[in-house]
Structures are given as C-alpha cells and as structure tokens.
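Heads up, the thing below is written out as structure tokens.
The values are calculated or read from the model by the stated rules, or taken from the named source; none is laboratory data. Note that the coordinates shown come from a computational prediction; the quantities given were computed from them, not determined experimentally. Counting neighbours? That spans all protein chains shown, and the Cβs are built from the backbone with ideal geometry, glycine included.
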Amino acid sequence: MSTRVNTTNRTVLVLLALLLLITSTVGLIIGFGARLTGLALPDKHDPVLSTESLTAANDSPWFWWVIAAGSLVIVLLALRWLLAQFAADRVGHLDLTQNDREGTTTLTAGALSDAVAAEAKTYPGVEDASAHVRDRSGRTLVLALDVAEYADLNAVRSRLEQGVIAHARQALDEPDLPIHIELHPTST
C-alpha cells in the first residue's frame with residue numbers, strides 16, 4: 001500500500017473517529033437525561049423523528065430522492081476508498097525492450113525480486129530478505145532485510161552495493177536504478 005493511501009486512510013479514520021466520538025457523547029448526554037444550559041436537547045423518551053417531520057418527509061416528493069442521492073454518494077466514496085486499498089504501485093512485468101524491431105524483452109518483477117532476495121540471504125549477517133519493484137515516478141527496487149544483531153551494518157551495506165544491487169542494475173540495464181534498502185535488526 002502506498003504512503004499516499006496510508007495517509008488518506010489515517011486522516012479519514014481520525015475524522016470519522018472524532019465524528020463518532022462527538023455524536024456518541026451527545027447521545028449519552030441525552031440518554032442520561034442531562035440538561036445543559038443553553039442547549040435545547042430532546043427528552044430521552046421523545047421519538048427520534050417527530051410526527052410532523054415524518055409527515056413533511058412523506059409529503060415532499062424530493063425528500064427521498066435527496067436521501068437516495070446522498071446514499072449513492074456515500075456508496076461511491078466507499079467504493080473509491082475500497083479500490084484505493086487494492087491499488088498497488090508494484091510492478092508485474094518489466095519491459096526491457098530497447099528496439100522493437102529486434103523483438104521484445106520482458107522480465108517478471110517477481111523473478112527479479114526473488115533473485116535479489118535469494119542472493120541477499122546468502123550474505124553474512126542477513127537472516128531474511130524480501131524485495132519488490134515499485135513504479136511511482138520511475139522504477140525503484142525496494143529491498144527489506146532482517147539483519148542479525150551481531151552483523152556489521154556497514155559491511156552488509158557495502159556487500160549489498162557491490163553484489164546484489166550491482167547485479168540488479170546490470171540485469172535491468174539501468175545503472176542509476178534507485179534502490180531503497182530497509183534494514184530491520186532481529187534479536188536472536
């Protein structure tokens with residue numbers, strides 16, 4: 001999931017939480033029959049909608065259309081949010097074709113990721129590794145490593161730069177391919 005989606009989710013969820021907190025607090029105040037000075041709150045035994053409100057709603061042909069339109073907007077926003085959860089910036093196939101007349105060359109991103117992770121796992125101090133290719137504003141290789149507590153991080157990074165990173169850049173024929181390395185220390 002991208003950072004943009006995570007930020008949007010957090011913002012929407014915080015706003016929704018605040019709205020629910022405020023409405024539930026007002027509901028509790030009304031439910032316990034508390035009276036606040038300056039506020040005309042309904043009695044806890046009063047119906048939610050008065051008879052006049054229901055009659056006015058039923059007599060206005062546009063009222064239920066407005067409710068339906070509002071509900072439709074909420075459903076569409078919910079669907080858009082749901083689709084954003086599945087939108088990934090990960091790449092499935094890498095097109096390595098330089099000249100269409102000579103044929104096409106594609107590489108599955110999974111094959112590259114598996115090869116990078118497998119090579120990184122062979123390095124001293126690396127206990128586990130995973131990789132994937134992202135394409136937000138250009139290709140980026142993301143390499144996440146679980147590094148042993150005793151490992152020399154400078155040596156691991158140097159070994160990565162000389163080995164797996166150089167090999168990935170060579171395989172993609174992109175000498176300036178951005179690489180994002182995440183080192184996660186593990187305790188044994």
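So Ala151 ticks every box in (1) more than 11 Å from Leu183 (Cβ to Cβ); (2) in contact with a Gly (Cβ under 6 Å, 6 or more places away or on another chain) but one. Which box is left unticked?
(1)
Would you point out which residue out of Ala117, Ala131 is assigned to a helix (DSSP H, G or I) and touching a Ser or Thr at 6+ places or on another chain (Cβ under 7 Å)?
Result: Ala117 is the single residue among Ala117, Ala131 that is assigned to a helix (DSSP H, G or I) and touching a Ser or Thr at 6+ places or on another chain (Cβ under 7 Å).
Report yes if Ser71 is touching a helix residue (DSSP H, G or I) at 6+ places or on another chain (Cβ under 6 Å), farther than 23 Å from Pro175 by Cβ and at pLDDT 80 or above, otherwise no.
Working: touching a helix residue (DSSP H, G or I) at 6+ places or on another chain (Cβ under 6 Å): no; farther than 23 Å from Pro175 by Cβ: yes; at pLDDT 80 or above: yes.
Answer is no for this residue.
Taking region 138-187, which residues are surrounded by fewer than 11 Cβ atoms within 10 Å (Cβ to Cβ), modelled with pLDDT under 85 and closer than 22 Å to Thr108 by Cβ?
Gly138, Asp173
Would you confirm, using the coordinates I've provided, whether Leu28 is of a type outside the set (S, T, N, Q), assigned to a loop (DSSP other than H, G, I, E, B), over 25 Å from Gln85 (Cβ atoms) and modelled with pLDDT under 90? Walk me through it before giving the result.
Details: of a type outside the set (S, T, N, Q): yes; assigned to a loop (DSSP other than H, G, I, E, B): no; over 25 Å from Gln85 (Cβ atoms): yes; modelled with pLDDT under 90: yes.
Taking the combined requirement at face value, the residue does not satisfy it.
Return yes or no: is Ala88 among the hydrophobic types (A, V, I, L, M, F, W, C), at negative phi and at pLDDT below 70?
Values: among the hydrophobic types (A, V, I, L, M, F, W, C): yes; at negative phi: yes; at pLDDT below 70: yes.
When the stated conditions are applied, Ala88 passes them.
Among the residues of region 154-185, write down those that are in contact with a Leu (Cβ under 6 Å, 6 or more places away or on another chain) and either among the aromatic types (Phe, Trp, Tyr) or assigned to a helix (DSSP H, G or I) (or both).
Scanning region 154-185 gives Ala168, Arg169.
Is it the case that some residue within region 101-121 is in contact with a Phe, Trp or Tyr (Cβ under 8 Å, 6 or more places away or on another chain) and either surrounded by 12 or more Cβ atoms within 10 Å (Cβ to Cβ) or among the small types (Gly, Ala, Ser) (or both)?
Looking for residues that are in contact with a Phe, Trp or Tyr (Cβ under 8 Å, 6 or more places away or on another chain) and either surrounded by 12 or more Cβ atoms within 10 Å (Cβ to Cβ) or among the small types (Gly, Ala, Ser) (or both), one finds none in region 101-121, hence no.
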